[in-house]
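Heads up: the structure comes next, in structure tokens.
The values are calculated or read from the model by the stated rules, or taken from the named source; none is laboratory data. Quick caveat: nothing in here was measured; it's all calculated off a predicted structure. As a convention, Cβ positions derive from the backbone with ideal geometry for all residues, glycine included, and neighbour counts pool all protein chains shown.
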Amino acid sequence: MTNSNKKPSREFEKLKLGEHLCGIYRNKEEQFSKIMSTKGEVRGVVFQTDAQYIRAHKGESGLNAVEEEIKKMGYTIDYDKIRAMKWYPIGLRPLSLLAAKKALDWNTPQIVDMGRSAPKYSLITKLILKYFASLKKVAEKAPMYWRKHWSTGSLDPGEVHEDEKYLILRLRDFKVHPILCTYLTGYYLGVGEMTMGGKNQTAKEVKCMHRGDEYHEFIVRWE
Ligand SMILES: [Zn+2]
């Protein structure tokens, strides 16, 4: 593994929660068919998690609006018919988030918050976090956990720097859509909060394949 002892870059320090180096989603330029042609699959549970968050914040009508938005994109996600352990085309994952953003007029921090809330909604995640308890154990299991949800890409074991109070996660061979980087930034923040009690934690993506880096690198810090 390269850069294993490298400290977080200065770029990281300058970013605020929810900001993303890849920039923001530009709806009009989105090429949905290109997104949908991405090879790979994702477990249905991620869509159920999206639906739970959308319902909690915008009710049934909010979820219907998202489903309609996906239809406008030329695809279908029927959130109630999704099965948790079934594999679905990976392109639907960003589409679900992009549709929520568009239909509900959500901004990037809201997508971060969606990710951040996700570990709380997932029974599997809760069990894993409870079972492994310590951050070090959770970090070790990160690659296995990734494979349970995604058929493509790989997550390195998390690198825990206890003394300096940060965790590094590196995601490789995964180039689907930058909105997933935004979502995952929130997700890792949520996992950190559930594992360590959630005191003044922050998460940032400091490297990203969508802007030419070799891998995506997320840093979760705590106090
Ligand atoms: Zn990225």
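Does the range 143-161 include one or more residues that are among the acidic types (Asp, Glu), within 16 Å of the ligand (Cβ to nearest atom) and at pLDDT 85 or above?
yes
What number goes with the only condition from (1) at pLDDT 90 or above; (2) among the β-branched types (Val, Ile, Thr); (3) away from the ligand (no atom under 16 Å from the Cβ) that Val138 does not pass?
(1)
Just checking, how many residues over the range 170-188 are within 11 Å of the ligand (Cβ to nearest atom) and either outside any strand (DSSP E or B) or of a type in the set (A, V, I, L, M, F, W, C) (or both)?
Residues flagged as within 11 Å of the ligand (Cβ to nearest atom) and either outside any strand (DSSP E or B) or of a type in the set (A, V, I, L, M, F, W, C) (or both) within the range 170-188 amount to 13.
Name every residue in the range 189-222 that is touching a residue at least 60 places away in the same chain (Cβ under 8 Å), assigned to a helix (DSSP H, G or I) and within 16 Å of the ligand (Cβ to nearest atom), in order of residue number.
Those that are touching a residue at least 60 places away in the same chain (Cβ under 8 Å), assigned to a helix (DSSP H, G or I) and within 16 Å of the ligand (Cβ to nearest atom): Leu189, His210, Arg211.
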